[in-house]
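What follows is one structure encoded as C-alpha cells, with my remarks underneath.
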Amino acid sequence: MSATATAVQTPLTSLPAWKALQAHYEKIRSQHLRGLFQSDPARGTRLTAEAEGIYLDYSKHRITDETVRLLLELAEQSGLRERIEAMFAGEKINVSEKRAVLHAALRAPKGVVIKVDGENVVPGVHEVLDRMSDFSNRVRSGAWKGFTGKRIRNVINIGIGGSDLGPVMAYEALRHYSQRDMTFRFVSNVDGTDFAEATHDLDPEETLFIISSKTFTTLETMTNAQTARDWSLKKLKDDKAVAKHFVAVSTNAKEVAKFGIDTANMFGFWDWVGGRYSMDSAIGLSTMLAIGPENFRAMLAGFHAIDEHFRTTAFAKNLPVLMGLLSVWYTDFFGAETVAVLPYEQYLKRFPAYLQQLTMESNGKHVTLSGDRVNYATGPIFWGEPGTNGQHSFYQLIHQGTRLIPCDFIGFAKALNPLGEHHDLLMANVFAQGEALAFGKTPEEVKAEGTPDWLVPHRVFEGDRPSSTFLLEELTPAALGKLVALYEHSVFTQGVIWQIDSFDQWGVELGKVLAKKIVGELEGSGPAKGSHDSSTTTLIERYRKQRK
Ligand code: F6P
C-alpha cells in the first residue's frame, strides 16, 4: 500500500487552519448576508467560479474572502493535493478494502495511461465500452431478437444501490434523448411489488433483463433476478431463452455463469469502481440502451472534463473543492445537519436520491483512516426534490424553521421542452428562492406593508440562509456527466478533510447478516427460535402469527 494512502496525519482539529477557522467562525457567525452584500456589492460577481460551462455562484454563503482563504488553507494542510494525485495515480486510497479508486478511469479517453498494480486499465475500459456500444446498437435497431424472434421493446434493469440509483437517475435525466419506442424500467426492492408492477403489462417475448450487480450476490438483486427468470420462462418455456433475454453487468463472472447467463453476454467492470461511482461503467448499460452509444460517450466526456478540472485547477477556482469546503464549513462550524439539493429541472427528479447514496454511503463514517473515532461531524444528510414542487411542501421550514439548511440550486438557461412562459417562470423561482433565503424580509419591511403588529412576527423572514446556485446552459448528456462528477469530487474533498475512507461501506453489513439469520426464523408460528432481544423476538412472533 502506498505511503500516501497510509501516512499518519495530524488530527484535523490540530491543524492550524482548523483552529484559525474556529476563531474566524466566532467573528463571522453573527454577520448577516444583508450586511455582507451591502458593504461589498461586488461579492455577487467575485464569489463565483466557472468551469466547463458550469457557473457556480457561492456569494450567498455565510463567508467572507477570509473564510475562503482559511478553507483553502485547510485543504492544503489536509494534503488534498497529494490525495487527488494518489487517487488519479491508482493508489489504494480505499484503505479498509485495500482498493484503488478509479472511477475517473471509466471516462478517460483512449490513450490515457492509468495503472493499477502496474497494469494500464484504460484499454480494458474501452474494450467494454465498445462491446456495450455494439450490443446497444443491435438492441436499439432490432437486430437483437428475443427467443421467439420478436423485437426487444422493453428493458428492465435489476439492481440495487449503485447498481440501480445511477441507472434510474440517468435514464430520467436523459429521457429527452431516449429511444421513445422502447420502455425502460428499474427493479430494485426485494418487495415483490416492485417486480410485479414493473412487469404487469409487459410481454416476456419482448423483454430484456439486465442483471446489474457488482458482486452478483446481493440478496435483493439475486431474488429479483430469479423471479425474472421464472417470469420469462413461464412464457418462453425453454432454458435457452435466457441467453436472449438476460445479460449481466458484474465483476463476478463465476456467479454470473452459475445463474445461467452466458458470460458472452456479460459486461464487466472492476473492483476499483465503487458501486455508487459506477453509473458510467457497464452499470450504465441501460442508460446506453436508452440514449445510444454516442450520447453515452458525450456523457463520459462531460465526466472527464470535470475530472481534469478537479485534477489541474487551482483550489481557489476549483468547483468541487469549493463545494466540498463549503460543506465542511457548515457541517463542522455552523453545525448544519443537512444539505438540500434542489434542481429546477424536472428531468433531474431522481438526482437528490442518487446523491443520497453517493454522499451518505461515502462520508457517513465515524472513524478516521487509521481507525480513530472522529471528534467532529462528518457527512451531512442529503435530501431534496425538484423545484418548484418543493416550494409548496418543505421550503417553509428552510425559510422560517429553526435549522440552518444550506441549499444547492441547480438551473439551466435553456428548456428542453420550451412551452410558453414555463421556463422563465421556473427560473424566476430559482433566483427568487436564493434571494429570499439570503435576504429575507425584516419586521420594518413587513410593517411597512400595513401588516398588523400581531401578525408581523409570523411574516418576518430572518434571511441569512445560505445557498449555492449552479447555472448551466442546457441539460445534455455531457452536462449530466459534469454535474455528477462535481459531486463525486466534492465528496472526495470532504472525505480528505475529515480524514475518512469515502470509498468503503461497512455500515451496510450488519443489517444484511441479521436479515439472513432472521429469514430462516420466520417459518412456523410458535415461539421464535433465534436468540434476539425481547423487542425483535416479539416482532418476529407477531409476524409469524399474522402472516398465516
Ligand atoms: O449494500 C450496499 C451496497 O454494497 C452498495 O454499496 C452497492 O451499490 C449495492 O449494495 C449493490 O451492490 P451490488 O452491485 O454488488 O449488487
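What follows is calculated from the coordinates using simple rules that are stated; it is not laboratory data. This is a predicted model, so every value here is computed, not measured.
Looking at the calculated P(r) for the range 143-187, what percent of the C-alpha pair distances fall above 17 Å?
When all Cα pairs of the range 143-187 are counted, 42 percent exceed 17 Å.
Run through every distinct alpha carbon pair of the range 372-440 and return the Kirkwood hydrodynamic radius in angstroms, one decimal place.
Evaluated over the range 372-440, this radius sits at 14.3 Å.
Taking the Cα centroid of the range 84-147 and of the range 482-548, what is the distance between the two, rounded to the nearest whole Å?
30 Å
What fraction of the Cα pairs in the range 201-252, stated in percent, has a spacing above 16 angstrom?
38 percent
Calculate, in whole percent, how much of the Cα-Cα pair population of the range 197-295 lies beyond 23 Å.
25 percent
When the chain is fully extended, how far beyond the present Cα-Cα distance does R29 get from N429, taking 0.36 nm per residue of separation?
141.2 nm
By how many degrees, between 0 and 90 and to the nearest 10, does the Cα long axis of helix 319-328 differ from the longest principal axis of the chain?
Taking Cα atoms only, the helix is inclined about 70 degrees.
In the range 255-329, what is the volume of the convex hull around the alpha carbon atoms, normalised per residue and reported in Å³?
136 Å³
For the range 172-231, max minus min Cα coordinate along each principal axis, in Å, sorted largest first?
Result for the range 172-231: principal-axis Cα extents of 33, 25, 18 Å.
Take the alpha-carbon positions of the range 363-409, form their convex hull, and give its projected area averaged over all directions (one quarter of the hull surface) in nm².
Reported value for the Cα convex hull: 4.4 nm².
Return, for the Cα atoms of the range 434-548, the radius of gyration and Dmax in Å, separated by a comma.
In order Rg, Dmax, the Cα atoms of the range 434-548 give 27.0, 71 Å.
How many angstrom separate the Cα center of the range 260-278 from the Cα center of the range 363-381?
Each part reduced to its Cα centre gives a spacing of 30 Å.
Grab every C-alpha pair in the range 61-113, bin the distances at 10 angstrom width from 0 up to the longest one, and report whole percents.
Result returned by the calculation: 21, 34, 26, 18, 1.
Along each principal axis of its Cα atoms, how long is the range 457-525 end to end? Whole angstroms, biggest number first, please.
The principal-axis extents, from largest down, are 57, 44, 32 Å.
Specify the angular offset, from 0 to 90 degrees and rounded to the nearest 10, of the alpha carbon long axis of helix 422-439 from the longest principal axis of the alpha carbons in the chain.
Taking Cα atoms only, the helix is inclined about 50 degrees.
For the range 27-143, build the convex hull from the C-alpha positions and give me its volume per residue in Å³.
206 Å³
Kirkwood hydrodynamic radius, computed over distinct alpha-carbon pairs, for the range 391-502: how many Å, to one decimal?
Its Kirkwood hydrodynamic radius stands at 16.9 Å.
Taking N as the number of residues in the range 488-548, what is its Cα Rg relative to 2.2 N^0.38 Å?
Rg over 2.2 N^0.38 Å, computed on Cα atoms: 1.80.
Can you list the equivalent-ellipsoid semi-axes of the range 307-351, largest first and in whole Å, using the square root of 5 times each Cα gyration tensor eigenvalue?
Square roots of five times the eigenvalues give 22, 20, 7 Å.
Does anyone have the angle between helix 477-498 and the longest principal axis of the chain? Alpha-carbon axes, 0 to 90°, nearest 10?
Long axis of 477-498 versus the principal axis of the chain: about 70 degrees.
Determine one quarter of the surface area of the Cα convex hull of the range 288-408, which equals its mean projected area, and express it in nm² to one decimal.
Average of the hull's projected areas for the range 288-408 equals 10.0 nm².
Taking only the Cα atoms of the chain, how large is their convex hull per residue, in Å³?
Normalising the Cα hull of the chain by residue number yields 191 Å³.
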